[in-house]
Each structure stands twice: as C-alpha cells, then as structure tokens.
Amino acid sequence: MPLPAAKTDEQQLKLLQDWLTSYKVGELIDAESGKPIDEICSIIPKEPERKLGQVPETYKGYTALNLPNWLDFAKNKEGQVSSLKVSGELLAKVIEQNKSTFRIFSPDELESNKLSEVFKVTSRNFQWDKFSRAQGGRVIEILSEHTCQGMMQGYTLTGRTALFPSYESFLGIVHTMMVQYSKFNKMGQETNWRPPLSSINYIETSTWTRQEHNGFSHQNPSFIGAVLNLKPKHSRVYFPPDANCFLSTLSHCLRSKNYVNLMVGSKQPTPLYLSPEEADSHCQAGASVWKFASTDSGVSPDVVLVGIGTETTFEVISAASILKQKVPEMRVRVVNVTDLMILGEGHPHSLDDGGFASLFLTDRKIVFNYHGYPGELKSLLFGRPGMERVIIEGYSEEGSTTSPFDMMLRNNVSRYHVAAHAVKGAGLHNDRVSVRQHELVTGFMHEAQKVKEYIFTNGKDPEGCYDVPTF
C-alpha cells in the first residue's frame, strides 16, 4: 500500500526489497530445501493427534445435550413469576445432566439477572482461585463481554453448548464479534467436512423497560437489530411473553444447531398468561390470537392490537382491559408475537400472506407495541400488503433514571397510548366508536398525564400499575 508503483518504479522496488529483507527470513528458512530451520520445526508436535487440526474436538461437531423436559418446570396460571428465575431452575437441571458439555458465560450479572438457581448445583470457575479452579464449575463469570464471547465461540466450536445471559444494553459490546462468528459459521456449513454445531444462545434481560435504577445508559435494545441483519437462515429472535413461553423457547434454543438465538425477556415477576400446553402451542406457531383478552375471542374486530415483548405485551393486555370497560361497543383482537421472524418475508419462519392475514386481517388498523426500535419492525413488515394500516410504537430513545411505568409513557408504549391508537383505528369501521373518538382519546391522554405527574411528585408508580388485568 505505501509503495503502489513498486512494479514499475525502480526506486520503490528497491525500498520494498530493503524492507522485506530487513526481516531476515533467510535466517529462518533453509535455502536448499525451502523448509523452516530445525529450531522452528522442533516445536511442531510430531504426534499427529496433538496437531490442532487433528484433535477430534475441533472437527467432530455437535454433541447433543441431554435436556430435561421443560414442562416439568412450567407453572400454573396463577400469580406472577420471573421468567429468568424459572429458567434458572431448568438450567440447573441442564447442568446436572450435562457436566462436561454445557457452560454459562456471564458478564458478572448472573445473580442480578435472576439465574442464581444454577448455583445450587454448580459454582463459578475462577482460574486464579484454587478453591473453585477445576472443581466442575459450569459458570464462567467475568466482567468482560468480549472475553465471554470469545470463550463461548471456542466452546461451541469444539462441539459443546453455551449460554450467554447479559444486560440488554451491554450485548452491543459483542455486536461485531457475533456477526463475524455468524459469517464464519455460514461458510463452515457450506463445506462438506464441517458438521453442524450447536447454536450460540443469548439471553437479553435487565431491559430498558425495567431499569428502575440504572438510567438512560442502560437503555439500549440495539442488539436485536444486529441479529435481525444476519442471513435469515442463521438468525432467530424470540420475545417470550411469560415464564412458560420462556421455558419452551429456551429448551428449543438449547436443542438447535447453527443459529444465533436471541431470547429477550424480563427478570421481574410478570403474569402467566398461558398454561404449559397453551405456551407450547403458542411458541410452535410463533404468534397467536389471545382470545382471553379479545372481544368474542377475536372474531370480527374493529382493530388489532399486537404485543411483542414482555412489558409491551402487558401494556397491550392492560389497554384491552381498559377498552372493554370504557368502550364496550368496540371490538378488539389481541395478538402476541413471540417469534419475531414470522413477520418478515424470506425467512424460514415467515408467515405466508394467508397466515399473515389470518392473524392481522387485511382491512383493519394494526397497532404494534414493540420492545425494540420501531424501525426494525418497519423493515420486517416492508413488502407485506396493506402496510399503510400499521401503527408501530417502540423504544424511541427516551429514558432516564425513573420508574418502569414512566418509561412506558416516555416511549409512547403505555396502555393509554395503545388505547388511544386503538380508538382511532376502530373509529374507521365502527360508527359508535367514531362518535366518541375525540372524547375517548383526550381522556386517555389526560389519564397518562396525571400518572406522569404522580410519578414526578412521588418518585414511584401508582399502586396497581402491575396488577393482572381483568376481563
């Protein structure tokens, strides 16, 4: 590069020659044979089995995990449960049954992310601590995301399975490492000698929706977009809405091969919307109409409300409950999407146009309440017919050290914003709603402002904000 004319300019050619000969390669290479000198060759293992390319672990591929049945850890539909705490119970059993083929690589946040159940059966593996070194610890915990990523890649490439849980805002640190690994894996799968590998699995939690004390610096869902930009064949993004769905999704991801799996969930207790059997069916489908929150089980609605993400789905459910009480003449269909990839086109999980229409209809407004950046959803939906009827709200880069519900209000994903969008959309088809539209929308926005003022004055959310909605 610094000598671009070395081929035709003698002065530059001389400079290039002087530079290359300064390395004294002749002292390292035998002039007659062209081979490295004996001193160098002496460090190369003579036994073939010690050479990296001949070590079976580097080429034999995937060793399947002995996984427990996730249904054994599922919960009944009562009360509120932390998806991550329940997942910790499942992971503890995974560790017990796979003592040499499964590890968790965690950037100093395992307990904060409510996965401490695993410590009932294992320990951290600190190499500098003689009491934990080589004692079977299956948790590698170090405050260095890129180190965890590098170790996870090596662990996966040698045929084993890994899990990387992290605060949502800090997965971006390994964005480019994840992309490069995915590209390597894509090319590896195009060779005829490299067998499948386990997927690399991320859990994204401690999200912007529930950062009660860390503030704006910890509010960044951009890693979702990084995974969405990968080749569709190798990327998966999941938003399990409750603990049972998270268990089902986690079990699926730990069985999968050759993907980058991203699971986004809440560590805080949240309602259980679906029974274990319902969760299993919902996750297999990737999305479904939630009849319990819809009018007449979702038949002939005036508007379709869609929740994607734990807290954003809770706000959709809450909005549907409010609308049932205050606007009984309005017909609502509530849809939850747990597999984000069904919405786009050209992905192995994509809905065909008929499947898309069966969930979202063809002539009704669709209000999406999305956990990530709205632009991500717009790009996924681009090309679907009738997208002028879509309204998308999501994280809009508004935040502070504030209460959880204030984060909903600041980013226009609160129940009041959803309800207002719903009334405007329903009013296009239902005259009984249209005649009250201005009054209703004004009322919802007034209610949102009162809640915002309460939070500012009291430093906390009003009582009942997280009570399970009734229908």
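Odds and ends about this structure:
- Selection from the stretch 218-249 of residues that are touching a helix residue (DSSP H, G or I) at 6+ places or on another chain (Cβ under 7 Å) and free of Cβ contacts under 8 Å to residues at least 60 places away in the same chain: His218, Asn220, Phe223, Ala226, Leu230, Lys231, His234
- Test: residue in the stretch 203-224 that is closer than 26 Å to Ser87 by Cβ, β-branched (Val, Ile, Thr) and part of a helix (DSSP H, G or I): yes
- When residues of the stretch 2-15 are limited to those that are outside any helix (DSSP H, G or I) and charged (D, E, K, R), the one surrounded by the fewest Cβ atoms within 10 Å (Cβ to Cβ): Lys7
- Residue under evaluation Val118, criteria (1) assigned to a helix (DSSP H, G or I); (2) farther than 21 Å from Tyr181 by Cβ; (3) free of Cβ contacts under 8 Å to residues at least 24 places away in the same chain, criterion not met: (3)
- Glu57 closer than 30 Å to Glu204 by Cβ, acidic (Asp, Glu), surrounded by 12 or more Cβ atoms within 10 Å (Cβ to Cβ) and outside the structural domain of Ser248 (by TED's automatic domain parsing): yes
- Reported count of residues in the stretch 180-194, each being surrounded by 14 or more Cβ atoms within 10 Å (Cβ to Cβ) and out of contact with any strand residue (DSSP E or B) (no Cβ under 9 Å at 6 or more places or on another chain), is 4.
- Some residue of the stretch 16-37 being of a type in the set (Gly, Ala, Ser), in a loop (DSSP other than H, G, I, E, B) and surrounded by 10 or more Cβ atoms within 10 Å (Cβ to Cβ): no
- Tally of residues being exposed (fewer than 10 other Cβ atoms within 10 Å of the Cβ) and among the β-branched types (Val, Ile, Thr) across the stretch 38-54: 2
- Considering residues of the stretch 101-144 that are farther than 21 Å from Leu157 by Cα and of a type in the set (Val, Ile, Thr) only, the residue nearest to the chain's Cα centre (by Cα): Val118
- Pairing each residue of the stretch 127-143 that is in the same structural domain as Glu109 (by TED's automatic domain parsing) with any residue that is among the acidic types (Asp, Glu) and modelled with pLDDT under 75, provided the two are 6+ apart or on different chains, yields no C-beta distance under 8 Å.
- Screening Gln135 against (1) loosely packed, with under 12 Cβ neighbours inside 10 Å; (2) at pLDDT below 85 leaves a single unmet condition, (1).
- Count of the stretch 166-189 residues, restricted to those that are touching an Asp or Glu at 6+ places or on another chain (Cβ under 7 Å) and either among the polar types (S, T, N, Q) or under 22 Å from His252 (Cβ atoms) (or both), is 3.
- Hey, Arg210 within 21 Å of Thr58 (Cα to Cα) and of a type in the set (D, E, K, R) or not: no
- Residue that is nearest to Thr205 (Cα to Cα) [pool: residues in the stretch 332-355 that are charged (D, E, K, R) and in a loop (DSSP other than H, G, I, E, B)]: Glu345
- The stretch 429-467 - residue that is surrounded by fewer than 16 Cβ atoms within 10 Å (Cβ to Cβ) and within 29 Å of the chain's Cα centre (by Cα) and, of those, nearest to Val334 (Cα to Cα): Asp467
- Residue that is farthest from His371 (Cα to Cα) [pool: residues in the stretch 195-215 that are crowded, with 18+ Cβ neighbours inside 10 Å and among the small types (Gly, Ala, Ser)]: Ser198
The values are calculated or read from the model by the stated rules, or taken from the named source; none is laboratory data. Quick caveat: nothing in here was measured; it's all calculated off a predicted structure. Here the Cβ is made from the backbone with ideal geometry for all residues, glycine too, and neighbour counts use every protein chain on show.
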